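Right, one structure below, let's go through it.
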Amino acid sequence: MQLSRRVNRLLVLIGLVVLAVVIVRKIVPSATPEVNQQEAEMGQTMTPNHPGSPSSSTNPLLQEVGEPEGILTHVGDTDRPRANATLLSLVRNSELRGIVRTMRDVERTFNSKFNYPWTFFNDVPFTEEFKQKTQAMTKAPCRYELIPKEHWETPAWINKDLVGVSSEILEEDDIMYAKQQSYHQMCRWNSGMFYKHPALKDVRWYWRIEPNTRYYCSIDYDVFRYMEDNDKTYGYVINIYDAPQSIRTLWPTTMEFVAQHPEYVHANNAIQWLTDNDVRPNHNVIANGYSTCHFWSNFEIGDMDFFRSDAYDKYFEYLDHAGGFFYERWGDAPVHSIGLGLFLDKSKIHWFKDIGYLHMPYYNCPASKKCSGCRAGRFTDAGYLNRENCIDNFFKYVHAD
């Protein structure tokens, strides 16, 4: 009986998604995957207001960027203990070359000075070649962890027939990885499973590192100690919009959870940032109330105690049972961002503007003598993508720290 009710609920959900697609496409023509011609032309001819545009006079990355204000721990500050932290990477054996390249950057710019351990995760065992070549990149200890099947495999409550129907809708909307099951599994794991892994149960802080990302600036202070000593919970570098067609029911499902648990919403939240509809109103329409602006989570420095909290963990469990990680393409970036924006004091979120970073096709490039190979103010080399930068919204509704 319980299973029957769940299947009926999922069928209704898929029906609503299909109906929403039809209605939105009739009401908002530019909501279809094709770029509205007028909007595209405006993006090429108008000067963007966000700091991603090199021509923006207000771009803080074009001004001299130094280390953040507050308590800092530098190399040689032996009276200050290291944080309980790890460099964390979910990576395949086939991505060995990419992670080695990124490790070289991270060790050169930061970790050779502070020697934090690396923790690698995979849903299959790591090869000896992977272990040998990654350990050779660092003097810090490396741990190679296998993800438990119950943390990675598609949950039993997910209806495979509904996944097939919904993936067709996603593919029609040109959503990347629509039919790639492992991508949906990865999004789910990064959203709410990583901090439950036994290897991390006694670890508080993590810095997420992805293969084929680049780091351009020398970091001479301990970023983990900075977070802990200055009462920060989450650090980011890039703030962009998501594809609204991939998360049509994420915000309505979130509001269902909030209606049941209003006690979890922090008084000093960032809901205005989450629900802005001034800059990209079509995104708000398609995503049913969510701006889709989010922290690009391929770089994040975070406190796992927040994700382990009742507020976030119960929120993830609610989302997980709603099925959107598989019926749609709910990513860990919007899920983390919504959780942080609702359940955390927004003053505890920090922009690491001094960290030069690239995850194709987006950059964070500060004007700093500590950086090389990264042009100050650069956001992307593809001009039409400048409009995807929504960090101005975060500055407007939250803060520019």
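When we screen GLU95, GLU129, GLU150, GLU145 for residues that are more than 28 Å from GLY377 (Cα to Cα), assigned to a strand (DSSP E or B) and of a type in the set (D, E, K, R), the only hit is GLU145. Within the option set THR292, THR254, being at pLDDT 95 or above, open to solvent by less than 10 Å² (accessible area, probe 1.4 Å) and on the phi > 0 side of the Ramachandran plot holds for one residue only, THR292. Restricting attention to region 62-78, the residues that are at negative phi and open to solvent by less than 60 Å² (accessible area, probe 1.4 Å) add up to 6.
Taking (1) open to solvent by less than 50 Å² (accessible area, probe 1.4 Å); (2) modelled with pLDDT under 90 in turn, PRO81 satisfies each apart from (1).
Counting only residues that are among the hydroxyl-bearing types (Ser, Thr, Tyr), part of a helix (DSSP H, G or I) and open to solvent by 10 Å² or more (accessible area, probe 1.4 Å), region 234-248 holds 0 of them.
Could you grab me the full set of residues in region 174-200 that are open to solvent by 30 Å² or more (accessible area, probe 1.4 Å) and either of a type outside the set (Phe, Trp, Tyr) or outside any loop (DSSP other than H, G, I, E, B) (or both)? Within region 174-200, ASP174, MET176, LYS179, GLN180, GLN181, SER182, TYR183, MET186, LYS196, PRO198 qualify. Selection over region 101-126 of residues that are open to solvent by 10 Å² or more (accessible area, probe 1.4 Å) and either small (Gly, Ala, Ser) or assigned to a helix (DSSP H, G or I) (or both) gives a count of 7. Within region 153-167, the set of residues being open to solvent by 80 Å² or more (accessible area, probe 1.4 Å) and either more than 20 Å from LEU319 (Cα to Cα) or part of a helix (DSSP H, G or I) (or both) comprises LYS160, ASP161. Taking the listed residues VAL258, VAL203, the one that is outside any strand (DSSP E or B), in contact (Cβ under 8 Å) with a residue 12 or more places away in the chain and more than 15 Å from VAL335 (Cα to Cα) is VAL203, with no other qualifying.
Of the residues in region 354-372, not one is crowded, with 21+ Cβ neighbours inside 10 Å, charged (D, E, K, R) and under 16 Å from the mean Cα position of the chain (by Cα).
The values are calculated or read from the model by the stated rules, or taken from the named source; none is laboratory data. These figures come from a predicted structure and were not determined experimentally. Cβ atoms come from the backbone with ideal geometry, glycine included; neighbour counts cover every protein chain shown. To get the accessible areas, we keep the full protein, side chains included, count just its heavy atoms, and leave off ligands, DNA and RNA. Shrake-Rupley method; radii C 1.70, N 1.55, O 1.52, S 1.80 Å.
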